[in-house]
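Below: one structure, written as C-alpha cells.
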Amino acid sequence: MITSEVGERISSAVARANRAGRPAIAAFLTAGFPSRERFAGLLASTVSEADLVEVGVPFSDPMADGLTIQRSSRTALEDGTTLPWILATVADLPPTESAAPVLLMSYLNPIMAHGFDRFATDAAEARVAGLIVPDLPLEECTELRSVLDPAGIALVQLVTPATPPGRLERVCQASRGFVYAVTMKGTTGASVDAGSVGDYLERVRRVSPLPVLAGFGVRSAADVAALGGFADGVIVGSALVEAIDRGQDPAAFVRGLRGEETAS
C-alpha cells in the first residue's frame, strides 16, 4: 500500500460527515471499561453510530489524560485488559461498510512491549485504521511509521496551540488520516471554550492537507456545533467515558452530540 492511501478510510469517513452538513464525531472509549465483559457490546454500539472510534489502550502512567480517563484506565487494567485482548476484541467486530473506522490511542510503552512489527501485523489483521501515540514526538516516529505505512495503518499526529508555525506545518504534512488538534494545555477532561481556540484551529486548517479534528474538552452538542465552525470534526473522550460509567448507551450519547436526542 502506498503512503498516499494510508489513512484514506479515516479521511473518507470525516468527509462523509462533512458532506452531510455536520462535523465528524470521533468517539473515545477506554478499552476494557467499565469491564472486559461489557466492553465488546459498548464498542459495537459506538462503531454503529460515530464517524470514527478511538479505543484507548489503558496504561499505568497516562500523562495526557485527566482524572476520568485515568480512573477508567486503572479499572480496565485491574480487570486484566491487555493490548492483545484489545486487538482480538476489535478483530471480532463485524466488518460492515457502515461501521466507523477504529483507531487505537496508546502510549508508546505498550506498543514497544508488543513489538513494532508484531503490532503492525496484528493491528492490520484486526482492521485497525489508525494509531495515535500522544507521547511519541514527530522526530522519533520514523521507526514506528515505517511498519505502519505498509500495513495501511495511519499514524495520526497531534498539534497544540503552542506548536510554532514551522513545526505546525511539518507535523501536519507528516500526519495520516487526520490531524489531531489539541484544544488546550494540560490534560483531558476540562471544558473547551470554542471561541478562544477558533483562530488556532483555523491556523491548523490552513496548513493541513488532511481533515482537522479538535480534541480535549468536547462535552456537549453545543461544543460540537461551535467547534464545527472551525474544524472538520471533534473528538469526545472524557464526557463519553463518564456517560458509560452512568450506564448510558454510547450510541445514544453520540446522537445527542449531533443534537438528535439528549446527550446527558
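Every number in this text was worked out from the coordinates using simple rules, so none of it is lab data. This is a predicted model, so every value here is computed, not measured. Neighbour counts run over all protein chains shown; Cβ positions are idealised from the backbone, glycine included.
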Chain lengthening between LEU77 and ARG170 when straightened (0.36 nm per residue, less Cα-Cα)
29.9 nm
So, with points 7 Å from each Cα along the Cβ direction, the ASP249-GLU140 label distance in nm works out to 4.3
Are there any trypsin sites (Lys or Arg not before Pro) in the range 227-262 that are in a DSSP loop and have at most 14 other Cβ atoms within 10 Å? List them by number.
ARG246
Please sort through the DSSP H helices of the chain and keep those with an alpha-carbon extent of at least 15 Å along the long axis and a Kyte-Doolittle average not below -1.0.
8-19, 36-47, 67-78, 194-207
Evaluated at 37 °C and 0.692 mPa s, the Stokes-Einstein D of the chain based on the Kirkwood radius over Cα pairs, in µm²/s, stands at 182
Per-pair calculated FRET efficiency, R0 = 41 Å: ARG206 and GLU37 via Cβ, rounded to 0.05:
0.35
With each run of n ≥ 4 DSSP H residues scored as -39500 (n - 2.57), what mean residue ellipticity at 222 nm is computed for the chain after dividing by its residue count and rounding to the nearest 500 deg cm²/dmol?
-13000 deg cm²/dmol
Assuming R0 = 30 Å, can you tell me the calculated FRET efficiency for the pair ASP117 and ALA162, based on Cβ-Cβ distance, to the nearest 0.05?
0.35
Low-density loop cleavage sites - trypsin sites (Lys or Arg not before Pro) in the range 1-103, where at most 13 other Cβ are within 10 Å (DSSP):
none
Filtered GluC sites (Glu not before Pro), the range 24-111: DSSP coil and at most 12 other beta carbons within 10 Å:
GLU97
